[in-house]
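The structure appears right after this line, and notes come after that.
The values are calculated or read from the model by the stated rules, or taken from the named source; none is laboratory data. Since we're looking at a predicted model, the values are computed, not measured. Cβ placement follows ideal geometry from the backbone for every residue including glycine, while neighbour counts extend to all protein chains displayed.
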């Protein structure tokens, strides 16, 4: 099912509110927020669910969360994990999952730092990691995404190859 921009923005606002609530509820722990990187208007399908399942398992195996909440929404999968670990150590571990897991490039594992009355994602650069690269070239992903450098069909084909979907039955 295709979603609208309004639905996407509402989902981001809801996710942010959930993040705020969780960091207040667990002030001595670290929050990891997981979403699936899936470009285009369809955010929930067999591909996204396969990545989400693998991501949840990886987070559980590597970080041993003390609490989790998972949401399978039309606007995309959302996972919230409370971890007993230092902020930057948890971010390093999340970067390792994103870098090393076969589906890691399709997972977005944000580690949230409470600052005043808000939460801010810890950057990869803060733990010595380079920005994430584009799925199709060596440029930073954000550059290609903003400039619409690559055809949507090529991006989908690359995602299908990563996940192992048979694109030519």
* Structure fact -> residue 90 vs (1) more than 16 Å from the chain's Cα centre (by Cα); (2) in the same structural domain as residue 39 (by TED's automatic domain parsing); (3) surrounded by 12 or more Cβ atoms within 10 Å (Cβ to Cβ): all pass except (1)
* Asked: Are any residues in region 105-121 more than 20 Å from residue 80 (Cβ to Cβ) and surrounded by 16 or more Cβ atoms within 10 Å (Cβ to Cβ), and if so, which ones?
  -> 105
* Scan region 122-132 residue by residue and report those that are surrounded by fewer than 17 Cβ atoms within 10 Å (Cβ to Cβ), in contact (Cβ under 8 Å) with a residue 12 or more places away in the chain and either closer than 23 Å to residue 77 by Cβ or under 17 Å from the mean Cα position of the chain (by Cα) (or both). => 129
* Return yes when residue 77 is in contact with a strand residue (DSSP E or B) (Cβ under 6 Å, 6 or more places away or on another chain) and free of Cβ contacts under 8 Å to residues at least 24 places away in the same chain and no when it is not. => no
